[in-house]
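Okay, so here's the structure we're looking at.
Where a number appears in this text, it was derived from the coordinates with a stated rule and is not lab data. The structure presented is a predicted model; accordingly, all values stated were derived computationally and were not measured. All Cβ positions, even for glycine, are placed from backbone atoms using ideal geometry, and neighbour counts span all protein chains on display.
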Amino acid sequence: MYFRHTPQLWQQFPELVAGTLFVPHVAAQANVEQYLDPFFQRARTRIQTGTEADMPEIAAWRRAFAKMGLKPTQYRSAAEALLRRFRKEDDLPRLHPLVDLCNAVSLTYALPIAVFDIARVASFIEVCHATGTESYLAFSGETEHPDPQEVIFVDAQQQVHARRWTFRQSRQSTVSHTTAQVLIVCEGLHATANDDVRAMLADLVKTIAAVWKTDVQQSMLTATQPQFDFA
């Protein structure tokens, strides 16, 4: 299997920094609570200094959404949506230990993290511009079709695993209690994204190794090396 962004997307967003992880073994019975609070505390400290819109990481995604023809306050990156919820509730709902960990790390770095159940993906995931014929399974259970030229995550069977880039994932590959293997994708567009995405990956790898006792494949992607091949 592999993950990649198309050359067209790299051309449109040359500032993109992407980091990927393949986790070969996860279990829903794991306990990550002791690892979440340090990330939450770092996020609390940061949101006390200003709004999400003031953060360079969020501002960069807002510019990207505007460039794609989307209203940034109508379609927010997953990281901004998490930060807004955390600011209001001072916590996040618990969904699955790995997803909970990724959400906490996303808060800390103000960058979106996508987590996919690889068993529900056909052959690859490619971030590309939609034709409009692909199928997206919404959380409501309804099937939608992306707008032509919308940035999507899509597989070999034309299943869409995320719409509007970092706006919303699909129900198709959501991590559940039966998930055994996952692909994690971290992306940034701001000036220090290279350092920040690398730091995110390091935090994730360290914590995943401590909780699930598993080796993790990782890669940083570039326009010249855009593809991550994993088991």
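Entry note, segment 118-231: relative contact order of 18 percent, from Cα contacts under 8 Å with a spacing of 6+ residues.
For TRP61, the shell of other residues with beta-carbons less than 14 Å away shows a net charge of +1, using +1 for Lys and Arg and -1 for Asp and Glu.
Under 1.5 on a/c is rounded, so check that first for segment 158-231, then, if it is not, pick prolate when a/b is larger than b/c and oblate when it is not; a ≥ b ≥ c are the square roots of the alpha carbon gyration tensor eigenvalues. Since a/c reaches 1.5 but b/c is at least a/b, the shape of segment 158-231 is classed as oblate. Expressed per residue, the C-alpha convex hull volume of segment 70-173 stands at 110 Å³. Taking amide H atoms as placed 1.01 Å from N in the peptide plane, the amide H of MET55 has no partner under 5 Å among residues 5 or more positions away or on other chains. Computed over neighbours whose Cβ is under 15 Å from that of PRO148, the net charge equals -2, Lys and Arg +1, Asp and Glu -1.
From the Cα gyration tensor of segment 109-152, with a ≥ b ≥ c the square roots of its eigenvalues, which class applies: rounded if a/c is under 1.5, or else prolate if a/b is larger than b/c, or else oblate?
rounded
With runs of 4+ DSSP H residues as the only contributors, calculate the mean residue ellipticity of the chain at 222 nm using -39,500 (n - 2.57) per run, divided by the residue total and rounded to the nearest 500.
Details: 6 runs with 78 residues, N = 231.
The per-residue figure over the chain is -10500 deg cm²/dmol.
Note on GLN41 and LEU95: their simple-model spin labels are 2.6 nm apart, each label 7 Å out from Cα toward Cβ.
Here the Karplus curve 6.51 cos²θ - 1.76 cosθ + 1.60, taken at θ = phi - 60°, turns the phi angles of segment 68-83 into couplings of 7, x, 9, 6, x, 8, 9, 10, 9, 4, 4, 5, 5, 4, 5, 4 Hz, with x standing for Gly and Pro. Expressed as a fraction of 2.2 N^0.38 Å, the value expected for a compact globular protein of N residues, the C-alpha radius of gyration of the chain is 0.94. The equivalent ellipsoid of segment 1-109 has semi-axes of 26, 21, 11 Å, largest first, where each one is the square root of 5 times an eigenvalue of the Cα gyration tensor. Rounded, prolate or oblate: which fits segment 142-184 when a ≥ b ≥ c are the square roots of the eigenvalues of the alpha-carbon gyration tensor, with rounded for a/c under 1.5 and prolate only if a/b beats b/c? Taking the square roots of the gyration eigenvalues as a ≥ b ≥ c, segment 142-184 is prolate.
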